[in-house]
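Just so it is clear, none of the values below were taken in a lab; they were calculated from the coordinates. Everything quoted here is computed from the prediction, not taken from an experiment. Please note: Cβ atoms are built from the backbone with ideal geometry, for glycine as well, and neighbour counts cover all protein chains shown.
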Amino acid sequence: MTPVWTVLIATLGRRRHQLGSLLEGLLPQVEAVGGQVTVEALWNNGERSCGLVRQDLLDHAASEYVCFVDDDDDVADDYVAKILPLLDGVDYVGFDVDLDVPGQPGIHRRASHSLRHAEWDNGTLLRHVTHLNPVKRELARKVPFPDISYQEDYAWANAMREHLDTEHYLAEVMYFYMPAGEIGAGSVPDRDRTPRYRLPVDSPYFSWNPASSQEGLTDMTWVMHAVGECPADQEHELADALAKHTRKAAKKNSQD
């Protein structure tokens, strides 16, 4: 069965705890629709640019629709249930995004992603096209991601606009942007390129992109975490993951 929609995730080895938190909420939604939606991630340790990582994911996808979810972000509890019925031949699905404001804990802003908007404006938070929204794969491939790790999504989105005509728009928050404080899911500073063990994921609807890094596959980092030990130089990873879990709990409370 060829899936209708593939959720693509570019992820760094150092952010496997954040990835685990994302998949904890996303995979049960995917599994509930029995193969209509799949998740594919490309794991790396920052060897290549974020643009190249995103392009590898896009090139390998076989579904009619694709979108990206960043490994340090989150999706709504009804993300799959609300979006899947709208993938009916339309070019693009727009929705709203809740943004954590960096440096201001508890402060949120709401962005609108829709073809109705003239441009990607970070001031008004009105954005026409983003990589986070489901789009027809054949159209997404008309524009390559540039070989850069900063604003590669912005460059791709602006070039994509002319290829998109039709849209379903959900005036609801479907995505939660949670800034991790570092640039890109495909490139990190040299000092942070320590190989990490790839997160073990057990789901028939999840796969690792074949271009994923092989470096670090057999190191003992994951084993140490599994038995409750955390090397001092990786405590920040667990702190980031805990912060994300805290934000997710606050999100769920606000929706109840």
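Residues checked against (1) touching a Ser or Thr at 6+ places or on another chain (Cβ under 6 Å); (2) among the acidic types (Asp, Glu):
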position: Arg14; (1), (2): no, no
position: Glu31; (1), (2): no, yes
position: Glu40; (1), (2): yes, yes
position: Asp74; (1), (2): no, yes
position: Tyr79; (1), (2): no, no
position: Asp98; (1), (2): no, yes
position: Asn122; (1), (2): no, no
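So that you can scan it fast, the table gives a plain yes or no per residue for (1) charged (D, E, K, R); (2) over 14 Å from Ala157 (Cα atoms):
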position: Ala32; (1), (2): no, yes
position: Gly35; (1), (2): no, yes
position: Cys50; (1), (2): no, yes
position: Arg54; (1), (2): yes, no
position: Cys67; (1), (2): no, no
position: Asp77; (1), (2): yes, yes
position: Arg109; (1), (2): yes, yes
position: Glu119; (1), (2): yes, no
position: Leu132; (1), (2): no, no
When restricted to Thr11, Thr2, the only residue among the hydroxyl-bearing types (Ser, Thr, Tyr) and surrounded by 17 or more Cβ atoms within 10 Å (Cβ to Cβ) is Thr11
(1) surrounded by fewer than 13 Cβ atoms within 10 Å (Cβ to Cβ); (2) assigned to a loop (DSSP other than H, G, I, E, B); (3) out of contact with any Gly (no Cβ under 8 Å at 6 or more places or on another chain) all hold for Val129 apart from (1)
Do you know which of the residues in the range 139-181 that are aliphatic (A, V, I, L, M) and in a loop (DSSP other than H, G, I, E, B) is farthest from Cys50 (Cα to Cα)? Leu164
Members of the range 139-154 found to be without any contact (Cβ under 8 Å) to a residue 24 or more places away in the chain, at negative phi and surrounded by fewer than 18 Cβ atoms within 10 Å (Cβ to Cβ), listed by number: Lys142
Within the range 152-173, residues over 20 Å from Asp77 (Cβ atoms) and of a type in the set (Gly, Ala, Ser) come out as Ala155, Ala157, Ala159
Please go through the range 1-45 and pick out each residue that is among the polar types (S, T, N, Q) and over 20 Å from Thr130 (Cβ atoms). Thr2, Ser21, Gln29, Gln36, Thr38, Asn44, Asn45
Filter the range 110-124 down to residues that are assigned to a loop (DSSP other than H, G, I, E, B) and more than 19 Å from Glu167 (Cα to Cα), then give me how many there are. 3
Just the residues that are crowded, with 17+ Cβ neighbours inside 10 Å, of a type in the set (D, E, K, R) and closer than 16 Å to Ala171 by Cβ, please, taken from the range 83-123. Asp96, Asp98
Can you name the helices (runs of 4 or more DSSP H) wholly within the range 4-107 that have at least 1 residues being without any contact (Cβ under 8 Å) to a residue 40 or more places away in the chain, farther than 17 Å from Phe145 by Cβ and within 15 Å of the chain's Cα centre (by Cα)? 16-31
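The rows are residues; the columns are (1) touching a His at 6+ places or on another chain (Cβ under 8 Å); (2) basic (Lys, Arg).
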residue: Arg54; (1), (2): yes, yes
residue: Ala62; (1), (2): no, no
residue: Phe68; (1), (2): yes, no
residue: Leu86; (1), (2): yes, no
residue: Ser112; (1), (2): no, no
residue: Trp120; (1), (2): yes, no
residue: Leu125; (1), (2): no, no
residue: His131; (1), (2): no, no
